[in-house]
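Participant: Here it is, the structure in full.
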Protein chains: 2
Amino acid sequence: MGTRPTVRPNLVEVAKASGVSRSTVSRVINNDPNVKAATRERVLAAIRSLNYQPNIAARGLASGRTHVLGLVIPQGVSALFSDPYFPILIQGISGACNRLDYSVMLWLAEPEFERRMIRQVLHGGLIDGVIVSSMVLDDPIIQALVEHKKPFVLVGRHPHHTDVNFVDTDNVGGARDAVAHLMRLGRQRVATITGPLNMIPGADRRDGYLAAFNERGLVSNPDLIIEGDFTEAGGYLAMQRLLPHRPDAVFVASDVMAIGALRALQQANRRVPEDVALIGFDDIPAAARAQPPLTSVRQPIQQLGDTAVQVLLDQINNPDQGPQRVLFPPTLMIRTSCGHLMRRTTLPGPHRGGGI
Amino acid sequence: MGTRPTVRPNLVEVAKASGVSRSTVSRVINNDPNVKAATRERVLAAIRSLNYQPNIAARGLASGRTHVLGLVIPQGVSALFSDPYFPILIQGISGACNRLDYSVMLWLAEPEFERRMIRQVLHGGLIDGVIVSSMVLDDPIIQALVEHKKPFVLVGRHPHHTDVNFVDTDNVGGARDAVAHLMRLGRQRVATITGPLNMIPGADRRDGYLAAFNERGLVSNPDLIIEGDFTEAGGYLAMQRLLPHRPDAVFVASDVMAIGALRALQQANRRVPEDVALIGFDDIPAAARAQPPLTSVRQPIQQLGDTAVQVLLDQINNPDQGPQRVLFPPTLMIRTSCGHLMRRTTLPGPHRGGGI
DNA sequence: ATTCTATTTGGGAGCGCTCCCAAAGTCTCC
DNA sequence: GGAGACTTTGGGAGCGCTCCCAAATAGAAT
């Protein structure tokens, strides 16, 4: 400690220390098979003893490959606080990058800096590929990535760009299954609190709700569809607006909103699940801890992030293959809030009022 | 659209387009004052028309400055999901970086990849400085940063490294004020659920609790101090262990734990605040929405991130100045859960039991 | 041993930028 | 009008790496 210089060694010094040329060291660190085993060992020993780490900037300059991925999270800032979705996603992405020897650059795109961000992603030369977790339809970054042929993968499908890489949860299917479950339990007035319908998961989950009706030849009641905003407060307000229409079940498009809805129900003295059954979406940790524990559609968020990295690297390494599309099936986690099969006698009458 | 080449223009092309030399263009993009105004205009026009963006890798190689900051979040992964602290901190850091024309590389340090991460941060040559949001005492990254003289700033003070840059909330003071408030309201048996005591904010907030006793010449009761783990479940369990010791107030070292504690109290039919007053820490959004709304010590998390960036850039630009230490005073957000001044008649008896 | 091929290694060139020093241009003042 | 000082510009060198081609070496076949 202390005698070793704190300056970074470079290729040439490693080469000198192991008695080979620059090129050979380069081959070793890039796993080129054309190196004799003995030579490779010698070089690796020198690398270890000098604590050598290739300079990413130089490597990026020379090869155009930096082993850095960009993660772009557009959309309003607010959701990032309130919903554990993004932290878990970031976790999944970061874990995969650690494992695969990549690094992550993070852009939380604020609209006012979006143009600069796009320029930097596309032209900065520092990024091998981009993971975009956009949920809004008209995101300029996607168009820019397509035009500049930058490798990228979407987390969450995009209806206008179907021929690009994406990984997603089957939001439509998950919502449909949840609503079908409520119907199977005998609920007659199944409502939904949607996400913002200009966000793709918002629209998809709404479509799943509608699909459950269509499949049974039923028509949905527009009064029972309220648009929320994926926040707790939004779920609370939406539930309040829904109450006069006497739903006996609500499919809420996110757990965070469902928790808000639950609060509104309790305030109105409606029992869950006896008076109103509730199913959320995402299965965040708080869902299981709610009172009553919240039935929820679980999506494998961390796996989404992990897979996004794999798809992106695959695309970077084989640019000529077609786009990959991965859709994970969600799982309905049945807890208390959706209730059991209703016996005829407990079917709600036209208007029961609430209360203990 | 379409005719413009998708390849990135470089300095030489900008130089050619504006009829000056490479060097002059370089001066313009680096805001060197030694450029005639007319020339500068001409170059800027060319930059705009070519949509030029300096190559970060090349710039980093040549100058050793990349305009990239590293953000290292060590510690177990779990806290990242459950607590909005980190998302908000990241938000603050990212916002400041956007404003100041920097980018962020994110490392969620998993222990198994920590050595590689450190090597990359220190020797990768891609990072101008590092923001470390460590909360554990024996973090190897901090030692490594000190030894290699890499500019860095801690978010959260570190008791062993007092001569380094840091920004922090005054955790001791915030906790002391919260406990003093409970005492002033007439509570007799003020307990605390601490964070993990090997985490710095955990220890600091415990110390603040103790300080409130010391300042009044009181001694604290060890039975009323339970170590938690900053999770909801941990707060729930800690509260259960605390109940037999009949606290009439609890200072909980984080809101997430406080929400768990609240759940335990309600399950045990203890009224909040009548039987047990509660104060949390952090003032996360969920605190205000709890039932009853949770009194909490607010720390300016986003500002912490923002300031960390400023301090770090300051340090990068003036490496010879001494370390900066910034301590933000927290604010006690008084809501329902801590109750009002107790009249003598409502002082709790030895054991009242709970219940509606 | 000799030729031919396959494997392994070495060194030049260049990625796009900054830094430095020297050259050219401009202004001032006696 | 020319010396001196200051401002502005240009071009060489080099950051640490990869890529490519050529050279050296080893191995196989005759």
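Participant: Within 10 Å of each Cβ of B:98-107, how many other protein chain Cβ atoms are there on average?
Facilitator: 5
Participant: Suppose you put the label 7 Å out from Cα in the Cβ direction; list, shortest first and in nm with one decimal, how far residue A:38 is from each other copy's label.
Facilitator: Counterpart label points of residue A:38 in the remaining copies fall at 7.0 nm.
Participant: Distances in nm, one decimal, shortest first, from residue A:49 to the same residue in every other copy, taking the label point 7 angstrom along Cα→Cβ.
Facilitator: Nearest first, the other copies' label points are 5.8 nm away.
Participant: So, one more: Just want the ordering: B:24, A:169, from fewest to most Cβ atoms lying within 10 Å of their own Cβ.
Facilitator: B:24, A:169
Participant: Now for a different question. I want the local charge near residue A:282. Using Cβ-Cβ distances under 11 Å, sum +1 for each Lys or Arg and -1 for each Asp or Glu among the other residues.
Facilitator: -1
Participant: Can you give the FRET efficiency for residue A:115 and residue B:245, using 1/(1 + (r/R0)^6), R0 = 60 Å, r = Cβ-Cβ distance, to the nearest 0.05?
Facilitator: 0.50
Participant: Placing +1 at every Lys and Arg Cβ and -1 at every Asp and Glu Cβ, with all other atoms neutral, what dipole size does the protein assembly as shown have around its Cα centre, in debye to the nearest 20?
Facilitator: Details: 74 positive and 64 negative charges, 49 e Å.
It works out to roughly 240 debye.
Participant: Now a separate question. Taking each residue in B:109-117, count the Cβ atoms of any other chain within 10 Å of its Cβ, then average. What number comes out?
Facilitator: Average neighbour count from other chains, rounded to a whole number: 2.
Participant: May I pose another question? Nearest 20 debye, what's the magnitude of the dipole of the stretch A:11-54 about its Cα centre given +1 on Lys and Arg Cβ and -1 on Asp and Glu Cβ?
Facilitator: Working: 7 positive and 3 negative charges, 16 e Å.
Using only the charged Cβ atoms, the result is roughly 80 debye.
Participant: If we count every other residue with Cβ under 12 angstrom of residue A:238's Cβ, Lys/Arg +1 and Asp/Glu -1, where does the sum land?
Facilitator: My count for the surroundings of residue A:238 gives -1.
Participant: Oh, and also: Taking only Cα atoms and a 10 Å spring cutoff, compute GNM fluctuations for chain A and point out the largest among A:295, A:194, A:336.
Facilitator: A:336
Participant: State, to one decimal in nm and shortest first, how far the label point of residue B:319 sits from each corresponding label point in the other identical copies (label point: 7 angstrom along Cα-to-Cβ).
Facilitator: 3.7
Participant: A follow-up question, please. Where both residues lie in chain A, what percent of DSSP beta bridges are antiparallel, nearest 5? Walk me through the intermediate numbers first.
Facilitator: Working: 4 of 37 bridges.
Just about 10 percent of them are antiparallel.
Participant: In what order do A:102, B:209, A:85 fall by count of nearby beta-carbon atoms within 10 Å, going from fewest to most?
Facilitator: So the ranking, lowest neighbour count to highest, is A:102, A:85, B:209.
Participant: Count, for each residue of A:294-305, the Cβ atoms from other chains sitting within 10 Å of its Cβ, then give me the mean as a whole number.
Facilitator: Shielding by partners across A:294-305 averages 0.
Participant: State the answer as a single residue: which of B:262, B:276, B:98 lies farthest towards the positive end of the charge dipole of chain B, with beta carbon charges of +1 for Lys and Arg and -1 for Asp and Glu, about the Cα centre.
Facilitator: Highest projection toward the positive end goes to B:98.
Participant: Using +1 on the beta carbon of Lys and Arg, -1 on that of Asp and Glu, and nothing else charged, what's the dipole of chain A about the Cα centre, debye to 20?
Facilitator: Dipole magnitude for chain A comes out near 880 debye.
Participant: Mind checking the angle between helix B:37-50 and chain B's longest principal axis? C-alpha axes, 0 to 90 degrees, to the nearest 10.
Facilitator: 80 degrees
Participant: Okay, next question. Which one, B:52, B:152, B:64, projects farthest toward the positive side of the charge dipole computed for chain B from Cβ point charges (K/R +1, D/E -1)?
Facilitator: Of the listed residues, the answer is B:52.
Participant: A further question on this structure: Check cross-link reach from residue A:36 to the lysines: straight Cα distance under 27 Å, and skip same-chain residues fewer than eight apart.
Facilitator: A:16
Participant: Okay, moving on. Using only Cα atoms, locate the centre of the stretch A:14-34 and the centre of the stretch B:98-133, then give the distance between them in Å, rounded to an integer.
Facilitator: Answer, in whole Å: 26.
Participant: A further question on this structure: Report the net charge of residues surrounding residue A:297, where surrounding means a beta-carbon distance below 13 angstrom and charges are Lys +1, Arg +1, Asp -1, Glu -1. Intermediate results must be reported in sequence, preceding the final value.
Facilitator: On the way: positive: A:176, A:205, A:298, A:335; negative: A:170, A:177, A:204, A:255, A:282, A:283.
Result for the neighbourhood of residue A:297: -2.
Participant: Gaussian network model of chain A, Cα springs within a sub-10 Å range: biggest mean-square fluctuation belongs to which of A:261, A:249, A:290?
Facilitator: A:290
Participant: Quick one: of the DSSP bridges fully inside the protein assembly as shown, what percent are antiparallel, nearest 5?
Facilitator: 15 percent
Participant: Rank the residues A:148, A:123 as a footprinting-exposure proxy: fewest other Cβ atoms within 10 Å of their Cβ go first.
Facilitator: Listed from fewest to most nearby Cβ atoms, that is A:148, A:123.
Read-outs: derived from the displayed coordinates by stated rules, not from any lab. From a predicted model like this one, the values you see are computed outputs, not experimental measurements. Reconstructed Cβ throughout: ideal geometry from the backbone, glycine too, with neighbour counts over all protein chains shown.
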